[in-house]
Each structure stands twice: as structure tokens, then as C-alpha cells.
């Protein structure tokens, strides 16, 4: 693609040394630059891409996308913020592939991964192809293997490239997780969304957004930019529901769901067991029963969100229910790895997420047995949620094991100390500390009985642990199976 065509979507820019060269690729990492690329100079937290521009040109970059004029004799496109405007370059290079897709975005603090998987199942039950992009990677169908992803929502060059692959393969539907970071950073700029789903908004990422209002504003971008004829699905029980409703443009169809509120789709008579959740759905003058393999109230909300998305896409409700009832589980989301004791691994890493999982686990805990929670908090992230999570674990569990999560550059013991400030009384018979996560999981065996319920929270599907100087292989599910063995 010639350089001038690559700029057709970029709103404001200046040029230097302009020549209409042929661009054959996009790169923002000097180590992966190929002959014919345009190199995007991004200012990051640790490194500034402008310092690597000369190296990129030496490796074959034909043009630079930068924030200042550089003393390098190649065409330069100068903008105020390369990170935010990279989306326009990527969309133009791949010929705006999302316009060929029915693209559904799912955002919220918790539930994004499960909801996207459920929507994919619903669309495929309607005999249509559907790809998925999110925390676990991307996959071209529900039965496909995951392709690795570095972010919940990929960077624009990777995202638009993935869209093109999907469109070229004749996959007309894509459901994707849309993180607040990606919305704030315009990673999903030039993405042509046909629908948006809001799960919930609770405390997370305040190390980045600072305030909950900023966090809301970032999430709301997805809804504010919906086009005429698209749809918005909103959790009416959430405290921010009305704000999201107000952010939706006119001529966009809104469908609400809830358990407590008078929503368009409402769940009633909910009953939980080890086998899942039974409930009754009320919508459009219909009353139908649904039996989910998924468990916990949060799973009911996730199913409701996906159900509404199915209705919004005019899929027959019987097909939608069939898809939901035949979905077993999502990796690392309330995943049962042992039955005696009942050991559940979950990705819950926020106060609200932990509370939801523990309440769901309590429903499965026999009266004369204990609910045991093992968790930690990530390093280099929002420190204010640590004591809150400690308080929740203390109040909702019979026994608590505080351990390490992904400490990153922080001292794990200091993170644990922050967590412990939220625990009212450190009773050594029920509150335990073991900084080494592998040892902590082994320790669970010594404090549990066959009828107890154990929740191992925080990492879920992750098969790694990020330490100060290295990332090691670590999977909660593998470690729990070694200790308790998997009962079929």
C-alpha cells in the first residue's frame, strides 16, 4: 500500500521528507521490523520508540510514524500521539476489515471472558461462523485452539490483522472482549461495532484510571460510538446502568437484563447446586425455564447478558437457550478440578469478583463443612483493593490462606501485608499466610476435609507467574490436581 493511502483515516498530521513509498507492513517494535514496514515510534513507560527509529530504518523501515521531526532521511508522518493514532494506520493498511464483520464488543470489570464465549456458542448454534478475541487469546471457532494474545484487547496492528484473517476466511461474526485500557488508548479506534455488551463496573485498574468516574468514562466510549442500527445490552442491576444507558446514542437498540430490577430480560426462581443453576426467564411476554451447567449468581448474569445479545441479533430464543444450556465451562472460570474436597479455580482478582465467587461457593458448601479461600493480589497494580479483598475473604470464608499472585517488581510480603490490614482479627486457626503459592496450595490439604469447598482465586486460566526478574510456568489447576487428584 502506498503511504498516502495509508494516511486516509488519520485525522491530523504533518509530513517531513514525504515520498509516496510502498508500505508492506506495520511495526512498533524495532526488533521485529521487516523490509518495507512503516515504523511507529511509541513512547512507553520504560522506552521511547523514537530512540529506535534509526535502527528500524537500518533494518528496512521505509517510513516513520512519530511525534516529532527526526534527523533521519525517510518520509515521516508526525502526529501528537502515535499510540492513539496507530489504530487509523492499522485499519487503513488492512482495508477496514471490521466493516465486513458483525462485530460484538463486551466490556465490564468481570465476566467479559465468559460472556464472549457464551455469545460465540449462541451464534454457532444458529449455524453461523463466529470468531472470538479476548483474555485467553483468539480462536476462529468454539472448537478451535486458542492463539496466544498479549493483551485482552490486542494492539491495533494485530487486531486489524486478525480481523482481516477472519473476514478472508468467511467468518462473518466476531465477539471480542474490550478492555478499558484499549478504549482509553484508542486501540479499538476504527472498529465498526454492531453491538456492545456491558457486564458490570466495580473497582479495578484504578492504578491506571485513578478514579471510578474515569474508569466509567473509558468503558462508556464503546457505547458512545455505536452506530445507528446497532444494539447495546446493559446490566440494569449495576449501579452504573443508567449512566451507560444515557451514553447510548439515539437509534441504537437497548436491551437490559437483571435479577433485581424490572429489566427487559429478568431471571427469577434461581436455584444453585453442584450441577449448575436453574432459573426462570421472563422476556417479551415469555416465561421459560433454563438449566445452566455454569454456577453462581455471576454466571446467571453472564448468561443473561449473552441471552440478550442473542435476542438483539434476532436469533430464536430456543436456539439461544440450547446454546447456553449446553455450555459446560470456561477455562479458569469457576472451574472444578476436584470433587472431594470440591476445589474451584477462578480468575477472580477484584473485590467484586472475589465476593461473587465466594458467595457462589458458599451455596455449594455443606452446613457442617468449611469454605476455604486461597488468594493473593498482583504487584504493580491498584493497591487500594488489597485490604478490601482481605476483608471480603475474611468475612465470607471459614478459613483463608493469603499467598502471592503475580508480584511483579513488588516484594510479595509487602503485598500480603496490605491484604492483611483488611482482615479484622488474625486468628491463627483460620487465617494463614504462605507467600509461596505452590506451597500454599499444598498447605490446603492439611486444613481441609473431603466435604469442604476450596476456592483458589486470582489466576484462573493463567499458566504463568510473573516474579521480579522472571516469568515462570505456574498453573493453579495443575498444582491443585497434584495435591487433591482429579475425581471424575
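Label-point separation (nm) for residue 127 and residue 293, each offset 7 Å from Cα along Cα-to-Cβ?
Rounded to a tenth, the inter-label distance reads 2.4 nm.
Please give the calculated 222 nm ellipticity per residue for the chain, where each DSSP H segment of at least 4 residues contributes -39500 (n - 2.57) and the sum is spread over every residue; nearest 500 deg cm²/dmol?
-9000 deg cm²/dmol
In what sequence, highest mean first, do 328-337, 388-397, 188-197 appear when ranked by Cβ atoms within 10 angstrom?
Top of the packing list down: 188-197, 388-397, 328-337.
Per residue, what volume in Å³ does the Cα convex hull of the range 335-484 take up?
Cα convex hull per residue, to the nearest whole number: 91 Å³.
How high is the relative contact order of the range 52-108? Use alpha-carbon pairs under 8 Å, at least six apart in sequence, and give a whole percent.
The normalised contact order for the range 52-108 reaches 20 percent.
Which length gain, in nm to one decimal place, applies between residue 14 and residue 470 when the Cα-Cα distance is subtracted from 0.36 nm times their residue separation?
The span from residue 14 to residue 470 would gain 160.0 nm if fully extended.
Between residue 268 and residue 1, what is the label-point separation in nm under the 7 Å Cα-to-beta-carbon projection?
Those two pseudo-labels are separated by 5.3 nm.
Just need the relative contact order of the range 1-113 here, percent rounded to a whole number, with Cα pairs under 8 Å and 6+ apart.
Averaging sequence separation for qualifying contacts and normalising by length gives 26 percent for the range 1-113.
Could I get the Rg over Rh figure for the range 3-93? Both from C-alpha atoms, Rh via Kirkwood, rounded to two places.
Computed over Cα atoms, the ratio is 0.91.
Return the Rg/Rh value of the chain, two decimal places, where both radii are evaluated on C-alpha atoms and Rh is the Kirkwood radius.
Across the chain, the Cα-based Rg/Rh ratio is 0.99.
Given a Förster radius of 56 Å and the C-beta distance between residue 168 and residue 417 as r, what FRET efficiency does 1/(1 + (r/R0)^6) yield to the nearest 0.05?
Efficiency, from the Cβ-Cβ distance: 0.60.
Quick one: helix 297-312 against the long Cα principal axis of the chain, what's the angle to the nearest 10°, folded into 0 to 90?
40 degrees
Counting residues in the range 52-200 as N, plug N into 2.2 N^0.38 Å and put the Cα Rg over that result.
1.15
Just so you know, all these numbers are worked out from the coordinates, no wet-lab data involved. Keep in mind it's a predicted model, so treat the numbers as computed, not measured. Positions of Cβ are backbone-derived with ideal geometry, glycine not excepted, and every protein chain shown enters the neighbour counts.
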